[in-house]
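What follows is a structure written as structure tokens; I'll ask about it next.
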Amino acid sequence: MRRSVVVTGVGLVTPLGSGCRATWDSLCAGRSAIRAVTEFEDLAAGSVTGATVRDFVASEHIRDDRSTRDMTRPVALGVAAAAQAASDSALDFSGVAERVGTFVGAPGRSYDPDYFREAVSLASDTHGLHLGRFAAAGMDCVSPLWLLSALGNNVLYFVSLEHHLLGMNGNFPCGDVAGTLAIGEAFHAIQRGYIDVAFAGGYDSLFETDRIEAYRAAQLMTQMRAPASLAHRPFDRHRDGFAASEGAAFLILEEAAHARQRGARIHGEVVGYGTAAVPLSRMSLGPSARGFATALQTALADADVDAIDAVFAYGLGTRSSDLEEAVGLNEVLRRCRPRARVTAPKCMVGNTGAASGAIETVVALMAVRDGFLPPIVSRLNPDPECDLDFVAADRGHTAALGTVAVCSANAGGNHATLVLRAGRPS
Amino acid sequence: MPDRLIPGRVVVTGLGVVTPIGSTIPQFWSSLLEGRSGAGVISRFDASQFPTGFAAEVHDVAEDRASGDPQLRSLLDRKNLFGWIAASDALHDAGLDAPDTRTRIGVAIGTERRAPDFLHRIATGSPYNHPADHLRCSTFVLASALAAAKGFTGPNMTVAAACASSAQALGIAYQKLQWGEADVMVAGGCDSLIDPLMLTAFSQIDALSKRNDDPSRASRPFDRRRDGLVLGEGAGMVVLERLEHAQARGAHLYGEILGYASSCNSYRAIESPPDGRGLSLAMQGALRAAKRIPEDVDYINAHATSTPEGDRSETAAIKRCFGAAAYGIAVSSTKSMTGHLFAASGAVGLIVCVLAVTHNAVPPTINQEVRDPACDLDYVPNVGRERNVRIALVSASGFGGVNAALLVGKWGHA
């Protein structure tokens, strides 16, 4: 008899707002957070069409506000979302410290040139950087705090410190599947009896100089500037790439009997997790139809279900990924009657990278709770090659939702899917 | 339906390494038993003006030793190429160069995103402007490239836990095999911190040995005169396999993975708790998972990096976990010879443990000259020795306060 895993806490920080209510209300109303982002000066060549978390003050969300000094922006978003989830769960972690796991989808180590510019400029001339000069004089200008602030597992560290967690952990810098992977690994760990509770989620901000440059060079980001709010156009005929974004989401996963015994509020249940590493090609890796199909099939098999009511698609908004996703999902969904409805929250939130799977999981749970799928506001000219039962652009879809899937993929051709179910009444 | 309802057994069927003391298994093992150090003056860039100008570099692997798809290899920087080479060697060692297509194979890599040219790029103002750059500078590129090159569609994980990365990757791979998510997992890690940026960052937190006049004697874990770690580089990759699958194809079995656990310290970001409680939880968890007791362990490949407080903390952790039995265990830190391989260290440590159980010998901790009273275990000082090793444990602790421990047993030992 396998253990059941329920969600007893959620935390969300997105460009649509802090806390679940703000993001969900905007999604239901079809309000996009995507705009012309101009505030990151050093992201050269004009503006980026994207979405940012506005008016975020770390110390308002994080109990130990001294620690926020050591946090980069994305790390602060992650820690804030985890704090919200912990509070929402009303769980006393002190009694279970060794049986609590921490699983984080992360962006990887950060490299902020601002820490080094002065030092490098002191040691450089027209011929380039002179390491001898850098070592002798430049190094003293580099803050020793860089190493600490740039750690690739900082959210895991701060969360474990805040709640005195001692147990199993995993930090996964797996691009856009990272958040989904973290939740899936936490789910299996509880199901298999290694732990009883887990923090699971993801955090990211794509607004780092190197990354924006690199995405530009790969032509992955949308060039549409007006109306910017409709620029991230999943499965649309004119789609041209994603809107860069940032955010974080965390869940508290808990073994079901443990949750019911303490009268916890149950947001929903995680019932399946599947992955597939199938790149589109050796030239460009990237998501593939077979990858999307296999990950979904594996997750459904893991959940022991044949059909689902809705899919929260990866919806990256690029020509290739969306086509592959539509073909792959259709291969699986066309066997179900009725065919599952498909929505894509990135159309209003943008691409939040390692946070996306976690954010979309929280959105899916709210959708199941309310029986409503948000519209795909920017899919104004449907691409006929993307043959799925999409939610309309001008209105969401009201329906009882029992079981849903959340799909993710990454630029390396990895795919991950979660299957979620409504929480059963206790 | 779930693949399995109870966890199955997992064996080691292939090994591959790239290290400063050898990049074939026989070379690596004989260097370890000889007590050879891989440390020397940094050759790849001018480090002469830095407070520490030496490290343990990989010298005997030309990056063109990497074979296989050139398109995919072009995505890989130096440390990822080390990982690619070690993985290829491990697969070859396991007899899986061309596996049966029905075999479900996955990949688990412990590594971190590195940017060895970062300072130079700031100096020259060079942006990322190649379409493959977003992949090249991702942490997961090696895991994806390996999967793409070999058609491995199984679970594909990248783990970043600083110095505990590859130990955790191995543990996750082990657990996925136990529960039947795959038949085979290629797992391990790779890293290189020998670049001006990391030399700067580690110098500034005073973590590096400054024994510039005698690099080969600088890494001296547990010794009274230790003054910091020695940067290293390399990769360790292992083929792990479900027992039934390995036996069905007649694979050579190096040993069996018996248990794994990870833990958090909830202490400080870059310091270990003096009482070693976090790491001891991981060790205890691995023993419990393996259903073994402290007295069953004959060898520990310690994390110990040659820092004053880290080595003390680990000694405390070993005693906390093993109690009186700690004094009967041979404990050595092969970082005394390889330097600190960071994300790759756990995997290379596991390989040392596998070699120990198969050869019944334990490598030394070299550069032991003066006893530190706070570190009083048997660290196999200076000279390796023969010993019947039934079960070995590898431990790893990383920045961010995370730990991992793995147990490996001699194949056929009950």
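The values are calculated or read from the model by the stated rules, or taken from the named source; none is laboratory data. As the structure is a computational prediction, the values presented were derived from the model and not from experiment. Every residue, glycine as well, gets a Cβ built from its backbone with ideal geometry; the counts of neighbours run over all protein chains shown. Calculation scope for accessible area: heavy atoms of the full protein, side chains included, ligands and nucleic acids excluded. Shrake-Rupley method; radii C 1.70, N 1.55, O 1.52, S 1.80 Å.
Using 0.36 nm per residue of separation minus the Cα-Cα distance, give me the extension gain between A:ARG3 and A:ALA307 in nm, one decimal.
So the chain would gain 107.3 nm between A:ARG3 and A:ALA307.
Right, here's the next one. Under Stokes-Einstein, with the Kirkwood radius over Cα pairs standing in for Rh, what whole-number D in µm²/s applies to region A:191-300 at 37 °C and 0.692 mPa s?
Taking Rh from Cα pairs, D becomes 184 µm²/s.
Moving on to the next point. Any idea what the dipole of chain A comes to, in debye rounded to 20, about its Cα centre with Lys/Arg Cβ at +1 and Asp/Glu Cβ at -1?
Here chain A has a charge dipole of around 980 debye.
Further question on the same structure: Would you work out what percent of the accessible area of region A:215-293, with all protein chains in place, is carbon or sulfur (probe 1.4 Å)?
Roughly 52 percent of what the probe reaches on region A:215-293 is carbon or sulfur.
Say a paramagnetic label sat at a point 7 Å from the Cα of A:ALA22, along Cα to Cβ; which residues of region A:325-367 have their backbone N under 15 Å from it?
So the set is A:349.
Right, another one. Any idea of the total accessible area buried by the A-B contact, 1.4 Å probe, rounded to 100 Å²?
Buried area (both sides, nearest 100 Å²): 6300 Å².
Taking R0 as 51 Å, what's the FRET efficiency between A:ALA137 and A:ARG337 from their Cβ-Cβ distance, rounded to 0.05?
Once rounded, the FRET efficiency stands at 0.10.
When the solvent-accessible surface of protein heavy atoms is calculated with a 1.4 angstrom probe, in what order do B:MET237, A:MET224 fall, highest first?
The residues order as A:MET224, B:MET237, largest area first.
Right, another one. Using a 1.4 angstrom probe on heavy atoms only, work out the carbon and sulfur share of the accessible area of region A:68-210 in %.
Carbon and sulfur together cover 51 percent of it.
For region B:1-39, which residues drop by 10 square angstrom or more in accessible area between the chain on its own and all protein chains together (1.4 Å probe)?
Residues shielded by partner chains are B:MET1, B:PRO2, B:LEU5.
How crowded by other chains is A:207-214, given as the mean number of beta carbons from other chains within 10 Å of each beta carbon?
Going residue by residue through A:207-214 and averaging, the value is 5.
Within a Cβ distance under 11 Å of B:HIS340, other residues only, what is the Lys/Arg minus Asp/Glu net charge?
Within the 11 Å Cβ shell, the charges total -1.
Could I ask something else about it? Work out the mean other chain Cβ neighbour count within 10 Å for the residues of A:277-287 and drop it here as an integer.
5
Of A:GLY315, A:THR298, A:ASN330, which is farthest along the charge dipole of region A:186-338 in the positive direction, counting Lys and Arg as +1 and Asp and Glu as -1 at C-beta?
A:ASN330
For a Förster distance of 45 Å, can you work out the FRET efficiency between the beta-carbons of B:GLU309 and B:ARG249, rounded to the nearest 0.05?
Efficiency for this residue pair is about 0.45.
So, one more: Taking only protein heavy atoms and a 1.4 Å probe, what accessible area per residue, in Å², does region A:82-214 have with all protein chains in place?
28
Any chance you could check the Cα centroid distance between region A:252-330 and region B:128-204 for me, in angstrom?
22
Return the tail of the calculated pair distribution for region B:302-414, meaning the percent of Cα-Cα pairs more than 23 Å apart.
23
Only helical DSSP H runs with n ≥ 4 go in: add -39500 (n - 2.57) per run for the protein assembly as shown, normalise by residue count and round the 222 nm mean residue ellipticity to 500 deg cm²/dmol.
-9000 deg cm²/dmol
Can you tell me how much longer the chain between B:ASN212 and B:ALA115 gets when fully stretched, taken as 0.36 nm per residue apart minus their C-alpha distance, in nm with one decimal?
32.4 nm
Using only C-alpha atoms and all pairs of different ones, pull out the Kirkwood radius for chain A in Å with one decimal.
By the Kirkwood definition, the hydrodynamic radius is 21.6 Å.
What pairs from A:LYS346/B:LYS79; B:LYS176/B:LYS410; B:LYS176/B:LYS319; B:LYS176/B:LYS291 go past 23 Å between their alpha carbons?
A:LYS346/B:LYS79; B:LYS176/B:LYS319
If you don't mind, another one. Can you work out the FRET efficiency for the pair A:SER281 and A:ASP125, with r the C-beta to C-beta distance and R0 = 45 Å, to the nearest 0.05?
According to the calculation, E is roughly 0.55.
Within 10 Å of each Cβ of B:115-124, how many other protein chain Cβ atoms are there on average?
Per residue, the average neighbour count from other chains is 6.
A further question follows. Tell me which of B:ALA167, B:TRP179, B:ALA392 sits at the most positive position along the dipole axis of the protein assembly as shown, charges placed on C-beta atoms (Lys, Arg +1; Asp, Glu -1).
Going by the charge dipole, the pick is B:TRP179.
Moving on to the next point. Based on Cβ point charges of +1 for Lys and Arg and -1 for Asp and Glu, what charge dipole magnitude is obtained for region B:98-175 about its Cα centre, in debye rounded to the nearest 20?
Here region B:98-175 has a charge dipole of around 100 debye.
Charges only on Cβ, +1 for Lys and Arg, -1 for Asp and Glu: so what's the dipole of region A:182-297 about the Cα centre, in debye to the nearest 20?
Computed about the Cα centre, the dipole is about 400 debye.
Here is a further query. Rank by packing, highest mean first: peptides B:174-187, B:6-19, A:114-127, with packing defined as the count of other Cβ atoms within 10 Å averaged across residues.
The most tightly packed comes first, giving B:174-187, B:6-19, A:114-127.
Sticking with this structure for a sec: Out of the total accessible area of region B:1-129 (probe 1.4 Å, heavy atoms of protein only), what percent is carbon and sulfur?
Taking all protein chains in place, region B:1-129 shows 52 percent carbon and sulfur surface.
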